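Working notes, structure below.
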Amino acid sequence: MASQHPVSWTLSGFGDEIDPDPAVQVAVLKALGAQHIEVRSAWGTNVVDLDNDQLGKLRALLVDQQMSVSAVASPIGKVDVTLDAELEVARLRRIIRVADVLQAPYIRIFSFFRGEGVAVESIRDDVMVRMRLLAEEAEKAGVVLVHENEKGVYGDVPERVLDIVESVGSSALRLAWDNANFVQVGVRPFDEGYAMLRPHLEYLQVKDAVAATGAVVPAGHGDGQLLETLTALRDDGYTGFASLEPHLASAHELGGFSGPTAFGEAARAFADLLRELGVDTR
């Protein structure tokens, strides 16, 4: 059923899911009606490794095309928790520079991997120390970190995601919600996580997955309870970004790929859900 009041979310998408070339990324996103892009890599180079010349070239392209950046999709926190904490703080400082040049309000981060056979409970304190350090850097810079519930990191299930955001207690650390990632760790996202995490939810990443296999599928085609989640977001006043991250062709530790055709299919599947709910995108 459509909402009684007009609701509009800001459409974005992971450009490197479309093509390595940011010019192609922007063209496809604009054709799909998006005026924002989420930047994870450009010309095959991850954002943390872009040099100043590449960063300037990317900024010029986005300005020329009147394309804004919704978030920098950094790999911060996608490392083993036993590594020196200052290494990730230093990498975050570089990412903050990227976000500043691209005028991005959000930086996506993760909550650290652990070694094989290491109990998740045993890394909690080390994770919290590192997350606090990252949040402090963000506070100083005036940017907001959004933690993604990625499989394999400390914050992969709702209870541990809540533990992170409540324990750190920083206005510079909020949540990026990903239905598919929850499915891949055996969670029913809406039933088991939404009410718990909604007060801290700042950013929506759009993808779905099949519980039996973990395969990623277009929004509404899997077990991610997208319809229930989107309905609740509509009804409780969410007005933020919805960023397409389809992962329909391949996925790897630092991201995924769909290609222009599959990315378009994912965008249309999401648009179908929003049309059913009476939600517009801008």
Which value results when the Cα radius of gyration for segment 1-131 is divided by 2.2 N^0.38 Å?
1.24
Can you list residues whose amide H is under 5 Å from residue 219's amide H, if they're 5+ apart or on another chain and H is modeled 1.01 Å from N?
208, 270
When the Cα centres of segment 56-128 and segment 133-198 are compared, how far apart do they sit, in Å?
14
Whole-Å semi-axes of segment 45-89's equivalent ellipsoid, largest first, each the root of 5 times a Cα gyration tensor eigenvalue?
28, 12, 7
Net +/- balance of residues flanking residue 244 in space, Cβ distance below 9 Å, scoring K and R +1, D and E -1:
-2
In the chain, whole DSSP H helices that both stretch 24 Å or further along their axis by alpha carbon positions and average at least -0.5 on the Kyte-Doolittle scale are 85-102, 259-277
Between residue 27 and residue 227, with labels modelled 7 Å along Cα→Cβ, what's the label distance in nm to one decimal, could you check?
3.7
Skipping prolines and chain starts, which residues have an amide H placed within reach, meaning under 5 Å, of the one on residue 12, given they are 5 or more residues away or on another chain?
242, 243, 244
Mean projection of the alpha-carbon convex hull of the chain over all orientations, in nm²?
13.5
Dipole of the chain (Lys/Arg Cβ +1, Asp/Glu Cβ -1, origin at the Cα centre): which of 165, 60, 9 lies farthest to the positive side?
60
Considering the options 20, 32, 115, tell which one lies farthest towards the positive end of the dipole of segment 1-131, charges being +1 on Lys and Arg and -1 on Asp and Glu at the Cβ, about the Cα centre.
32
Given a Förster radius of 51 Å and the C-beta distance between residue 60 and residue 136 as r, what FRET efficiency does 1/(1 + (r/R0)^6) yield to the nearest 0.05?
0.95
If packing is taken as the average count of other Cβ atoms within 10 Å, what order do 41-50, 56-65, 258-267 fall into, highest mean first?
258-267, 41-50, 56-65
Contact order normalised by length for segment 123-195, with contacts defined as Cα pairs under 8 Å and 6 or more residues apart; what percent is it?
34
Most mobile of 149, 181, 52 in a GNM of the chain (Cα contacts under 10 Å):
52
Point-charge dipole on Cβ atoms (K/R +1, D/E -1) for the chain, about Cα centre, debye to 20:
580
When only C-alpha pairs under 8 Å and at least 6 residues apart count, what is the relative contact order of the chain, in percent?
21
Among the listed pairs 57/207; 78/140; 30/151; 140/207, those beyond 27 Å (Cα-Cα):
57/207; 30/151; 140/207
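Since every read-out is calculated from the coordinates, none of them should be taken as a lab result. Keep in mind that what you see is a predicted model, and the values were worked out from it rather than measured. With ideal geometry, Cβ positions are generated from the backbone for all residues, glycine too; neighbour counts draw on all protein chains shown.
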